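> This is the structure I have questions about; it appears just below.
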(Lines give C-alpha, C1' and ligand atoms only; values in the text may rest on other atoms or scores of the structure.)
Protein backbone atom coordinates (compact mmCIF):
# COMPACT_ATOMS: atom_id res chain seq x y z
CA UNK A 1 0.00 0.00 0.00
CA UNK A 2 2.81 2.43 0.89
CA UNK A 3 4.64 1.62 -2.35
CA UNK A 4 1.51 2.44 -4.36
CA UNK A 5 1.13 5.82 -2.59
CA UNK A 6 4.78 6.70 -3.17
CA UNK A 7 4.51 5.71 -6.84
CA UNK A 8 1.37 7.84 -7.26
CA UNK A 9 3.15 10.84 -5.70
CA UNK A 10 6.11 10.42 -8.03
CA UNK A 11 3.84 10.18 -11.08
CA UNK A 12 1.91 13.28 -10.01
CA UNK A 13 5.13 15.27 -9.71
CA UNK A 14 6.45 14.06 -13.06
CA UNK A 15 3.20 14.84 -14.90
CA UNK A 16 2.83 18.25 -13.29
CA UNK A 17 6.27 19.29 -14.58
CA UNK A 18 5.55 17.82 -17.97
CA UNK A 19 2.28 19.69 -18.52
CA UNK A 20 3.74 22.95 -17.23
CA UNK A 21 6.67 22.79 -19.64
CA UNK A 22 4.42 21.78 -22.51
CA UNK A 23 2.18 24.82 -22.05
CA UNK A 24 5.15 27.17 -21.80
CA UNK A 25 6.72 26.00 -25.05
CA UNK A 26 3.76 26.77 -27.28
CA UNK A 27 4.86 29.20 -29.96
CA UNK A 28 2.99 31.31 -32.44
CA UNK A 29 3.56 28.54 -34.98
CA UNK A 30 1.66 26.14 -32.72
CA UNK A 31 -1.09 28.68 -32.16
CA UNK A 32 -1.38 29.42 -35.88
CA UNK A 33 -2.27 25.79 -36.60
CA UNK A 34 -4.76 25.82 -33.72
CA UNK A 35 -6.28 29.06 -35.07
CA UNK A 36 -6.88 27.39 -38.41
CA UNK A 37 -8.93 24.69 -36.68
CA UNK A 38 -10.67 27.29 -34.51
CA UNK A 39 -11.72 29.24 -37.62
CA UNK A 40 -12.92 26.07 -39.37
CA UNK A 41 -14.96 25.15 -36.30
CA UNK A 42 -16.53 28.63 -36.26
CA UNK A 43 -17.52 28.13 -39.91
CA UNK A 44 -19.00 24.73 -38.97
CA UNK A 45 -16.58 23.08 -41.38
CA UNK A 46 -17.01 19.30 -40.95
CA UNK A 47 -13.26 18.78 -41.35
CA UNK A 48 -12.49 20.93 -38.29
CA UNK A 49 -10.49 19.33 -35.52
CA UNK A 50 -12.65 20.46 -32.62
CA UNK A 51 -10.16 19.28 -30.02
CA UNK A 52 -7.59 21.72 -31.44
CA UNK A 53 -10.18 24.50 -31.67
CA UNK A 54 -11.17 23.99 -28.02
CA UNK A 55 -7.52 23.83 -26.98
CA UNK A 56 -6.95 27.21 -28.66
CA UNK A 57 -9.84 28.77 -26.74
CA UNK A 58 -8.69 27.24 -23.45
CA UNK A 59 -5.09 28.31 -24.01
CA UNK A 60 -6.04 31.91 -24.85
CA UNK A 61 -8.34 32.19 -21.84
CA UNK A 62 -5.71 30.63 -19.57
CA UNK A 63 -3.11 33.18 -20.67
CA UNK A 64 -5.68 35.98 -20.39
CA UNK A 65 -6.61 34.96 -16.85
CA UNK A 66 -2.99 34.64 -15.75
CA UNK A 67 -1.97 37.99 -17.31
CA UNK A 68 -4.93 40.18 -16.42
CA UNK A 69 -3.69 41.13 -12.94
CA UNK A 70 -0.28 42.16 -14.24
CA UNK A 71 -1.85 45.19 -15.95
CA UNK A 72 -0.39 44.38 -19.37
CA UNK A 73 -3.64 45.39 -21.05
CA UNK A 74 -6.92 46.98 -19.99
CA UNK A 75 -9.93 44.98 -21.14
CA UNK A 76 -13.53 45.95 -20.44
CA UNK A 77 -15.33 44.04 -17.70
CA UNK A 78 -17.84 42.56 -20.13
CA UNK A 79 -15.32 41.16 -22.62
CA UNK A 80 -16.65 37.85 -23.95
CA UNK A 81 -14.56 34.75 -24.54
CA UNK A 82 -15.56 34.84 -28.21
CA UNK A 83 -14.23 38.40 -28.52
CA UNK A 84 -10.98 37.52 -26.80
CA UNK A 85 -10.31 34.53 -29.02
CA UNK A 86 -11.32 36.47 -32.16
CA UNK A 87 -8.84 39.24 -31.29
CA UNK A 88 -6.00 36.75 -30.81
CA UNK A 89 -6.90 34.83 -33.98
CA UNK A 90 -6.95 38.04 -36.02
CA UNK A 91 -3.63 39.15 -34.53
CA UNK A 92 -2.01 35.81 -35.40
CA UNK A 93 -3.34 36.01 -38.96
CA UNK A 94 -2.04 39.59 -39.32
CA UNK A 95 1.39 39.08 -37.71
CA UNK A 96 3.12 35.93 -38.97
CA UNK A 97 6.44 37.63 -38.18
CA UNK A 98 5.68 36.97 -34.48
CA UNK A 99 4.98 33.25 -34.85
CA UNK A 100 8.41 32.28 -33.53
CA UNK A 101 7.68 34.01 -30.20
CA UNK A 102 6.20 32.24 -27.18
CA UNK A 103 2.44 31.78 -27.36
CA UNK A 104 1.70 33.69 -24.14
CA UNK A 105 3.67 36.70 -25.40
CA UNK A 106 1.68 36.78 -28.63
CA UNK A 107 -1.63 36.59 -26.79
CA UNK A 108 -0.61 39.46 -24.49
CA UNK A 109 0.58 41.51 -27.50
CA UNK A 110 -2.75 40.96 -29.25
CA UNK A 111 -4.75 42.01 -26.21
CA UNK A 112 -2.47 44.97 -25.46
CA UNK A 113 -2.86 46.19 -29.04
CA UNK A 114 -6.67 46.04 -28.80
CA UNK A 115 -6.89 47.18 -25.19
CA UNK A 116 -3.85 49.30 -24.29
CA UNK A 117 -3.18 50.23 -20.69
CA UNK A 118 -4.38 53.63 -19.61
CA UNK A 119 -1.50 56.10 -19.55
CA UNK A 120 -0.65 57.57 -16.18
CA UNK A 121 -1.26 61.26 -15.82
CA UNK A 122 1.68 63.27 -14.55
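> Against the conditions (1) closer than 22 Å to residue 95 by Cβ; (2) in contact with a helix residue (DSSP H, G or I) (Cβ under 9 Å, 6 or more places away or on another chain), where does residue 58 fall short? Just the number, please.
The number of the failed condition is (2).
> Only residues that are surrounded by 12 or more Cβ atoms within 10 Å (Cβ to Cβ) and more than 19 Å from residue 41 (Cβ to Cβ): list them for region 79-101, please.
79, 95, 98, 99, 101 - these are the residues of region 79-101 that are surrounded by 12 or more Cβ atoms within 10 Å (Cβ to Cβ) and more than 19 Å from residue 41 (Cβ to Cβ).
> Does region 17-25 contain any residue that is buried (at least 18 other Cβ atoms within 10 Å of the Cβ) and either under 14 Å from residue 106 (Cα atoms) or modelled with pLDDT of 95 or more (or both)?
Taking region 17-25 first, the residues buried (at least 18 other Cβ atoms within 10 Å of the Cβ) are none.
Checked against the condition, which is being buried (at least 18 other Cβ atoms within 10 Å of the Cβ) and either under 14 Å from residue 106 (Cα atoms) or modelled with pLDDT of 95 or more (or both), region 17-25 yields no hits at all.
> Applying the selection to region 79-101, what residues are under 16 Å from residue 29 (Cα atoms) and out of contact with any helix residue (DSSP H, G or I) (no Cβ under 6 Å at 6 or more places or on another chain)?
90, 93, 94, 95, 96, 97, 100
> Among the residues of region 46-92, how many are more than 15 Å from the chain's Cα centre (by Cα), in contact (Cβ under 8 Å) with a residue 40 or more places away in the chain and more than 12 Å from residue 115 (Cβ to Cβ)?
The qualifying residues number 0.
> Looking for whichever is over 17 Å from residue 25 (Cα atoms) and surrounded by 10 or more Cβ atoms within 10 Å (Cβ to Cβ) here; the options are 116, 76, 104. Which one fits?
116
The values are calculated or read from the model by the stated rules, or taken from the named source; none is laboratory data. Keep in mind that this is a model prediction, so the values were computed, not measured. Heads up, the Cβs are rebuilt from the backbone with ideal geometry, glycines too, and the neighbour counts pull from every protein chain shown.
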